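A.B. asks: Have a look at the structure that comes next, please.
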Amino acid sequence: MSGRGLNAAERLLRRMFHWGDADAGGQDLFLAAADDAVSFFHPDCVHHLFGPTGTKEVLVGRQAMLDFSTRCAAALSARSDQILTISGIDEQCGFVHARAFRESKATGERLSYEWSMLYRVEDDLITYGADMLDADAQAFWGRIGGAA
């Protein structure tokens, strides 16, 4: 952090991912807070994410985001995420960088990759999110998507 304070987006993301908690390392962070997840997202939030379709999906609304997460989980037999960094960009934007470990339920294919997510936070709720995956990760989701 080099002496600077956390911005509002960074504070919210650290709470959501339990980053900095002694027991948070290596757990499936996205679903670890599933019961609480709804409280972090604005009811009309918008996300642009790669998932089981193998293409970028546009999700509108908190329930769409939770349904998307369920579809992703259903396509996998094993998964975990390790948060590498969470940083603030400005007062309303934060960036998460993580390492993912995935295994396809249908094929047993395993892939380890890094993902990044840009979030916009307004009034202490996530209003926008967009992920970035490399080509191998995008192709993995495209191959396993039909099995969910």
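A.B. asks: Among the residues of the range 72-84, how many are surrounded by 15 or more Cβ atoms within 10 Å (Cβ to Cβ) and not in a strand (DSSP E or B)?
C.D. replies: Looking only at that region, the number is 3.
A.B. asks: Any residue that is under 21 Å from ASN7 (Cα atoms) and within 15 Å of the chain's Cα centre (by Cα) - is there at least one of those in the range 50-67? Outline the logic, then answer.
C.D. replies: First pass over the range 50-67, keeping only residues under 21 Å from ASN7 (Cα atoms): none.
The answer is no; no qualifying residue exists.
A.B. asks: Next question. When you scan the range 85-106, do you find a residue that is in a strand (DSSP E or B), open to solvent by less than 60 Å² (accessible area, probe 1.4 Å), under 18 Å from MET132 (Cα atoms) and modelled with pLDDT under 90, even just one?
C.D. replies: No, the range 85-106 contains no residue that is in a strand (DSSP E or B), open to solvent by less than 60 Å² (accessible area, probe 1.4 Å), under 18 Å from MET132 (Cα atoms) and modelled with pLDDT under 90.
A.B. asks: Please work out which residue is modelled with the lowest pLDDT, limiting yourself to the range 12-21 and to residues that are part of a loop (DSSP other than H, G, I, E, B) and crowded, with 17+ Cβ neighbours inside 10 Å.
C.D. replies: So the residue we want is TRP19.
A.B. asks: In the range 107-131, which residues are without any contact (Cβ under 8 Å) to a residue 60 or more places away in the chain and crowded, with 16+ Cβ neighbours inside 10 Å?
C.D. replies: Those that are without any contact (Cβ under 8 Å) to a residue 60 or more places away in the chain and crowded, with 16+ Cβ neighbours inside 10 Å: LEU111, TYR113, TRP115, MET117, LEU118.
A.B. asks: Would you mind finding the one in ALA98, ALA139 that is more than 27 Å from HIS42 (Cβ to Cβ) and hydrophobic (A, V, I, L, M, F, W, C)?
C.D. replies: ALA139
A.B. asks: When only residues in the range 22-66 that are acidic (Asp, Glu) and surrounded by 13 or more Cβ atoms within 10 Å (Cβ to Cβ) count, which is modelled with the highest pLDDT? Give the steps one after another, and end with the answer.
C.D. replies: First, pick out the residues of the range 22-66 that are acidic (Asp, Glu): 23, 28, 35-36, 44, 57.
Cutting the leftovers down to surrounded by 13 or more Cβ atoms within 10 Å (Cβ to Cβ) gives us 28, 57.
Working: ASP28: 48, GLU57: 91.
My answer is GLU57.
A.B. asks: For the range 55-69, check the following and say yes or no: at least one residue is within 17 Å of MET16 (Cβ to Cβ) and part of a strand (DSSP E or B).
C.D. replies: Yes: the range 55-69 contains one or more residues that are within 17 Å of MET16 (Cβ to Cβ) and part of a strand (DSSP E or B).
A.B. asks: Any idea which of (1) free of Cβ contacts under 8 Å to residues at least 60 places away in the same chain; (2) over 20 Å from PHE17 (Cα atoms); (3) surrounded by fewer than 18 Cβ atoms within 10 Å (Cβ to Cβ); (4) not hydroxyl-bearing (Ser, Thr, Tyr) is the one GLY142 doesn't satisfy?
C.D. replies: Going through the list (1) free of Cβ contacts under 8 Å to residues at least 60 places away in the same chain; (2) over 20 Å from PHE17 (Cα atoms); (3) surrounded by fewer than 18 Cβ atoms within 10 Å (Cβ to Cβ); (4) not hydroxyl-bearing (Ser, Thr, Tyr), GLY142 breaks only (1).
The values are calculated or read from the model by the stated rules, or taken from the named source; none is laboratory data. Please read all numbers here as calculations on a predicted model, not as lab measurements. With ideal geometry, Cβ positions are generated from the backbone for all residues, glycine too; neighbour counts draw on all protein chains shown. Side chains included, ligands, DNA and RNA excluded: accessible areas come from the protein's heavy atoms. Shrake-Rupley method; radii C 1.70, N 1.55, O 1.52, S 1.80 Å.
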